[in-house]
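Asker: Sharing a structure below in structure tokens format, with a few things to ask.
The values are calculated or read from the model by the stated rules, or taken from the named source; none is laboratory data. Bear in mind the structure is a predicted one, so any value in this text is a computation, not a measurement. Cβ sites come from the backbone with ideal geometry, for glycine too, and all protein chains shown count toward neighbours. Heavy atoms of the whole protein, side chains included, go into the accessibility calculation; ligands, DNA and RNA do not. Shrake-Rupley method; radii C 1.70, N 1.55, O 1.52, S 1.80 Å.
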Amino acid sequence: MQRPYNFSAGPAAIPEDVLQQAASEMLDWRGSGMSVMEMSHRGKEFISICEKAEADFRQLLAVPANFHILFMQGGGLAENAIVPLNLSQGGAVDFVVTGSWSQKSTKEAGKFCDAAVAASDEAQGFTHIPDAASWKLRSDARYVHICSNETINGVEFQQLPDLASLGSQAPLVIDFSSHVASRSVDWSRVGLAFGGAQKNLGPAGLTLVVVRDDLLGHAMAMCPSAFNYRLVADNQSMYNTPPTWGIYIAGLTFEWILRQQEGAASGVAALEARNIAKAELLYQAIDGSQLYENRVARDCRSRMNIPFFLKDETRNQAFLEGAKARGLLQLKGHKSVGGMRASIYNAMPMAGVQALVGYMQSFEKQS
Ligand SMILES: *Cc1c(COP(=O)(O)O)cnc(C)c1O
């Protein structure tokens, strides 16, 4: 039986190989007599799972040795508070607002620090990334925050900003929840990256934080201990019970990523090549039609989350029903944007995008 194609923005599709491996190991993980869910996080079995997951993630995204990889809980939304609690010391923090998530981050951080908007595309409906030369960066900013892929609005930085070249000494913080491991990361431009696992890496409940060593140890006194990066790092993400199941599934996903091949490319580079091809196919189908449209500027269109509208909105319901009947699930757009959204993360095969494009074209002809 062929599984349907799941275009959910998150929690999202997980590679079938990963689900099958987890199913086969569900009752007895590799002769241990236990499910991973039943293991002590301090036992040798789980510690081996956790250490391998961390090492594989470091390898697949080429994370330099002076960055810590932390497995935490709370999701991307909790990081909107945890990052300022750890990095801001209550001082100035600048935000570039390119969509709903960076807007949320700004608001939450304002509870803990002097959060200011350095640039915003709200007036244009979050369809552009404001030119970096126009960003109002403060010289005393403790860090600059961007959301490198706006999941709801479908706006993605195709290159991370080089703050040093903009005259800023502040570290860059990126929320990469919805495109982590879909492309490489230029760590020379990043101080901290965070993301929930449930879009590209596994189940909900696990949050990844990648943080440069020199940024640890400055947490505000009010920062909860379980969210203090220094404590989490010093205890190898075991200061308190980590999300063990999430780490295990993410670890299987990392192994799956490392196995991927596309021509001469492997790992994240293979997925990136595939993600470019998938996104091009879908954007071409949208741009080439009379019925569908995407309003995001071409130079910052997301490869992962592709919102689109039917120019005749009275046909939205029929579009969704027809899609579901063909095994194309969860295409309804976010309520704040409307229309449709296809999330085509790493786990979405090219065949899924081809099936969607084929359906979109036949639906358009029916009118
Ligand atoms: C999903 C998402 C979040 C929120 O994650 P939660 O796990 O629900 O807290 C934050 N930022 C981005 C970019 C996201 O896509």
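Asker: May I ask you to list the residues in region 278-311 that are open to solvent by 30 Å² or more (accessible area, probe 1.4 Å) and in contact (Cβ under 8 Å) with a residue 40 or more places away in the chain?
Answerer: LEU281, GLN290, ARG295, ASP299, ARG303
Asker: Inspect all residues belonging to region 259-270 and state whether any of them is in a helix (DSSP H, G or I) and within 16 Å of the ligand (Cβ to nearest atom).
Answerer: no
Asker: Only residues in region 169-182 that are more than 18 Å from LEU77 (Cα to Cα) and touching a residue at least 60 places away in the same chain (Cβ under 8 Å) count as the first member; pair them with residues that are within 8 Å of the ligand (Cβ to nearest atom) and not aliphatic (A, V, I, L, M), Cβ under 6 angstrom, at least 6 apart or cross-chain, and list the lot.
Answerer: Listed pairs, sorted by first residue: none to list.
Asker: Follow-up question, since we're still on this one. Can you confirm whether MET37 is closer than 15 Å to ILE247 by Cβ and either more than 25 Å from the chain's Cα centre (by Cα) or not aromatic (Phe, Trp, Tyr) (or both)?
Answerer: In short, yes.
Asker: State whether the residues of region 323-341 include one that is open to solvent by 40 Å² or more (accessible area, probe 1.4 Å), over 25 Å from HIS128 (Cβ atoms) and assigned to a helix (DSSP H, G or I).
Answerer: Looking for residues that are open to solvent by 40 Å² or more (accessible area, probe 1.4 Å), over 25 Å from HIS128 (Cβ atoms) and assigned to a helix (DSSP H, G or I), one finds at least one in region 323-341, hence yes.
Asker: Additional query: Which residues, counting only those in region 182-214, are open to solvent by 20 Å² or more (accessible area, probe 1.4 Å) and not acidic (Asp, Glu)?
Answerer: Of everything in region 182-214, those that are open to solvent by 20 Å² or more (accessible area, probe 1.4 Å) and not acidic (Asp, Glu) turn out to be ARG183, SER184, VAL185, SER188, ARG189, GLN198, LYS199, PRO203, ALA204, GLY205, ARG212.
Asker: Hand me the list of helices (runs of 4 or more DSSP H) wholly inside region 42-154 holding 1 or more residues that are within 16 Å of the ligand (Cβ to nearest atom) and charged (D, E, K, R).
Answerer: Fully inside region 42-154 and qualifying: 75-87, 100-109.
Asker: Something else now. Return the pair list, or none, for Cβ contacts closer than 9 Å from residues in region 313-331 that are closer than 14 Å to GLY358 by Cβ and among the β-branched types (Val, Ile, Thr) to residues that are open to solvent by less than 20 Å² (accessible area, probe 1.4 Å) and assigned to a helix (DSSP H, G or I), at least 6 apart or on different chains.
Answerer: Pairs found: none.
Asker: Could you tell me which residue of region 1-15 is nearest to the chain's Cα centre (by Cα), considering only residues that are within 19 Å of MET304 (Cβ to Cβ) and either exposed (fewer than 15 other Cβ atoms within 10 Å of the Cβ) or among the hydroxyl-bearing types (Ser, Thr, Tyr) (or both)?
Answerer: Filtering region 1-15 for residues that are within 19 Å of MET304 (Cβ to Cβ) and either exposed (fewer than 15 other Cβ atoms within 10 Å of the Cβ) or among the hydroxyl-bearing types (Ser, Thr, Tyr) (or both), the one nearest to the chain's Cα centre (by Cα) comes out as SER8.
Asker: Further question on the same structure: When you go through (1) more than 10 Å from the ligand (Cβ to nearest atom); (2) of a type in the set (Val, Ile, Thr); (3) over 18 Å from GLN103 (Cβ atoms) one by one for VAL173, which number turns out not to apply?
Answerer: (3)
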